[in-house]
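S.K.: The structure follows.
The values are calculated or read from the model by the stated rules, or taken from the named source; none is laboratory data. Source: prediction; values computed, not measured. Because the Cβ atoms are built from the backbone with ideal geometry, glycine has one as well, and the counts that use them run over all protein chains shown. Side chains included, ligands, DNA and RNA excluded: accessible areas come from the protein's heavy atoms. Shrake-Rupley method; radii C 1.70, N 1.55, O 1.52, S 1.80 Å.
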Amino acid sequence: MALTFYNTASRKKEPFSLLPGNDTVKMYCCGPTVYHYAHIGNLRTYIFEDTLCRTLEYYGYKLNHIVNITDVGHLTSDGDTGDDKMEKGAAREGKSVWEIAKYYTDAFMKDWHALNIEEPTRWTKATDHIQEQIDLVKTLEEKGYTYRTSDGIYFDSLKDKHYADFARLDVEHLQQGSRIDMGEKRAPTDFALWKFSPKDKKRLMEWDSPWGVGFPGWHIECSAMAMKYNGPTLDIHCGGTDHIRVHHTNEIAQSECATGKPFARFWMHGEFLRLDGNKMSKSSGEFLTVSVLMDKGYNPMDYRLFALTSHYRNYLNFSFESLDSAREALKSLHKKTDPLIGKATAIESEEAKKWQQEFKDAIGDDLNMPRALGILNSVLKTELSDGEKAALVADFDKVLGLKLDQPREEYAKKQDPNAVDDTAEIEALIAQRTEARKSKNWAESDRIRDLLKEKGVEIKDSKDGTTWKRV
RNA sequence: GGCGACGUACCCAAGUUGGUAAGGGGCGAGUCUGCAAAACUCUUAUUCCCCGGUUCGAGUCCGGGCGUUGCCUCCA
């Protein structure tokens, strides 16, 4: 079966292939604005993009995968009003915007790696590409797609005949919308390309430009960076579903008007994670982060598996009950895969090849990870040799990224620097209990077992004696 | 007001061009055990929100309801 992706542009699944003469998939994924921690909903989208990258690699493609870091302040609302998110973050924490950007970028990278998301080919920071953004605005200005107001340079969306196509906007009805602050804009769909710094105060982040001191509009960075590293036409552009309406529509408009070429062939969008049936959002205050989950005793791979249990285009409701379910599932997966580590042989039998093909079909069918997980479970139940099973697990995990190549204990160990080594004490207690059991003193035996349980030690009696582990 | 998504067992969730309901968790049962725990085995939807229609046949297609929810403001 051919590799197939759902393309937001056509609203259909389409077979994926590269344009003739190309050997690398040109990808761009919208990254975070580093003014706060990323929550697990944000991370769900990056896990989706990671499965996309891994699937493309599984199918033999090379990638030029760009992820941006938005470290320049965007306004909290369109038009003249609203605060700058970066400056707001800085004020909140009494730091400079640059410190804020650095701090939250580091935090983001930490989560990214904890979730075993593959490193992109290149991270690009918006503030490292101010000139490219200015150049792009200049091109648009030369081609007559811009106009000036008292607070900035705007894109004239009515000049772009195709503006409404991508998101299938009904521009006339859009104008009835109540939440649009027009300011001096000519049309509700117009957007800022360059904003001027306020005359009465100095911004922490501002740059010189042909139009005056200011800062770039909030869509231009993606177009500028995507095209700098991938050329005018991308193969795949991704992001969260919320970007379809405004951000990606505007990216397409400014990019295509500047180059006259299609901006991206495939557009893929991840659906939101919900919390109690509602959107998880930074602005509403409370939100869950990877560190919060880890503090509660979960492993990042528990969350990754949880994210993989549903399709990226469906919303997924987060609950601790579901996360527990994923944690249990991962545990029992490891029970089966840990003994297979290091035993991989070649995949030779017809049956093993058939399973491998089924897996490939599942991930190639618009990244159907739930189905792929089902196939992994089925393989582990088959009568295949350990060697072939081990090979298939390793092969599948290249895409699933669940670290099935490492035994669970190895990464599940709690890193507690204050932990006291009480192994000797525990073993002494177990020896006592063994004596009690020999003399059939069950009351004493059970008492010691309860005592150990309080210490977080679980014991297991078998024919060959008693074994224990920390839980 | 405009444009969308979703509704499958106790929970999560897949279901390819319509052909007779994957998988995971949980529950329950059994084996084992002094009892536990762990492990292993088995079990868990005559049915897919409701009502019509097309069809030999529909969770899958069409029409109409109901419910939940997202975007249209920075947002993954």
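S.K.: I'm checking my understanding of the structure. Among residues of region A:238-260 that are assigned to a helix (DSSP H, G or I) and small (Gly, Ala, Ser), which one is nearest to RNA strand B (Cβ to nearest atom)? Steps first, answer last, please.
M.R.: Taking region A:238-260 and keeping what is assigned to a helix (DSSP H, G or I), we get A:241-259.
Next, only the ones that are small (Gly, Ala, Ser) stay: A:253, A:255, A:258.
On the way: A:Ala253: 14, A:Ser255: 16, A:Ala258: 20 Å.
The selected residue is A:Ala253.
S.K.: Out of all the residues in region A:378-408, which are in contact with a Lys or Arg (Cβ under 8 Å, 6 or more places away or on another chain), surrounded by fewer than 21 Cβ atoms within 10 Å (Cβ to Cβ), farther than 19 Å from A:Trp112 by Cβ and not small (Gly, Ala, Ser)?
M.R.: Across region A:378-408, the qualifying residues are A:Leu380, A:Thr382, A:Asp386, A:Arg408.
S.K.: Of the residues in region A:1-33, how many are assigned to a loop (DSSP other than H, G, I, E, B), in contact with a strand residue (DSSP E or B) (Cβ under 6 Å, 6 or more places away or on another chain) and either closer than 16 Å to A:Ile244 by Cα or β-branched (Val, Ile, Thr) (or both)?
M.R.: 4
S.K.: Do any residues in region A:427-441 that are in the same structural domain as A:Ile459 (by TED's automatic domain parsing) have Cβ atoms under 6 Å from those of residues that are surrounded by 12 or more Cβ atoms within 10 Å (Cβ to Cβ) and not in a helix (DSSP H, G or I), where the two are at least six apart or on different chains, and which pairs are they?
M.R.: A:Ile430/A:Thr466
S.K.: Next up: What about A:Cys222, is it part of a strand (DSSP E or B) and touching a helix residue (DSSP H, G or I) at 6+ places or on another chain (Cβ under 6 Å)?
M.R.: no
S.K.: Out of (1) closer than 30 Å to A:Val292 by Cα; (2) open to solvent by 10 Å² or more (accessible area, probe 1.4 Å), what's the single condition that is false for A:Tyr59?
M.R.: So A:Tyr59 meets the others, but not (1).
S.K.: Still on this model: Can you pull out every residue in region A:395-423 that is aliphatic (A, V, I, L, M) and modelled with pLDDT under 80?
M.R.: Across region A:395-423, the qualifying residues are A:Ala412, A:Ala419, A:Val420.
S.K.: Residues in region A:35-67 that are within 13 Å of RNA strand B (Cβ to nearest atom) and more than 22 Å from A:Arg304 (Cα to Cα): how many?
M.R.: Residues in region A:35-67 being within 13 Å of RNA strand B (Cβ to nearest atom) and more than 22 Å from A:Arg304 (Cα to Cα): 1 in total.
S.K.: Has region A:204-221 got at least one residue that is at pLDDT below 90 and of a type in the set (Phe, Trp, Tyr)?
M.R.: yes
S.K.: On to the next question. Which strands (runs of 3 or more DSSP E) sit wholly inside region A:98-163 and have at least 3 residues that are farther than 20 Å from A:Met86 by Cβ?
M.R.: Numbers: elements: A:122-125, A:146-148, A:152-155.
In region A:98-163, the matching strands (runs of 3 or more DSSP E) lie at A:146-148, A:152-155.
S.K.: Tell me, which residue of region A:252-269 that is touching a strand residue (DSSP E or B) at 6+ places or on another chain (Cβ under 8 Å) and open to solvent by less than 10 Å² (accessible area, probe 1.4 Å) is nearest to A:Asp170 (Cα to Cα)?
M.R.: Out of the qualifying residues, it is A:Ala253.
S.K.: Which condition number does A:Val457 fail, the rest of (1) open to solvent by less than 50 Å² (accessible area, probe 1.4 Å); (2) modelled with pLDDT of 80 or more; (3) of a type in the set (A, V, I, L, M, F, W, C) being met?
M.R.: Only one criterion is unmet by A:Val457, namely (2).
S.K.: Among the residues of region A:203-226, how many are open to solvent by 20 Å² or more (accessible area, probe 1.4 Å) and under 22 Å from the mean Cα position of the chain (by Cα)?
M.R.: Within region A:203-226, residues that are open to solvent by 20 Å² or more (accessible area, probe 1.4 Å) and under 22 Å from the mean Cα position of the chain (by Cα) number 1.
S.K.: Under 7 Å between Cβ atoms, at least 6 apart or on separate chains: pull out the pairs that start in region A:1-20 with a residue that is within 13 Å of RNA strand B (Cβ to nearest atom) and end on any residue that is at pLDDT below 90 and aliphatic (A, V, I, L, M).
M.R.: A:Pro15/A:Ala2
S.K.: With (1) open to solvent by less than 10 Å² (accessible area, probe 1.4 Å); (2) over 28 Å from the mean Cα position of the chain (by Cα); (3) over 18 Å from A:Val246 (Cβ atoms) as the list, and A:Thr124 as the residue in question, which single condition is left unmet?
M.R.: Result: A:Thr124 passes all but (2).
S.K.: Does region A:231-249 contain any residue that is touching a Leu at 6+ places or on another chain (Cβ under 6 Å), farther than 15 Å from A:Gly31 by Cβ and of a type outside the set (S, T, N, Q)?
M.R.: Scanning region A:231-249, I find no residue that is touching a Leu at 6+ places or on another chain (Cβ under 6 Å), farther than 15 Å from A:Gly31 by Cβ and of a type outside the set (S, T, N, Q), so the answer is no.
S.K.: For region A:26-66, name all the residues that are closer than 14 Å to A:Trp123 by Cα and either of a type in the set (Phe, Trp, Tyr) or modelled with pLDDT under 95 (or both).
M.R.: Across region A:26-66, the qualifying residues are A:Tyr28, A:Cys30, A:Gly31, A:Pro32, A:Thr33, A:Val34, A:Tyr46.
S.K.: Tell me, which helices (runs of 4 or more DSSP H) wholly within region A:261-343 include 1 or more residues that are more than 9 Å from RNA strand B (Cβ to nearest atom) and more than 25 Å from A:Gly89 (Cβ to Cβ)?
M.R.: A:300-308, A:320-337
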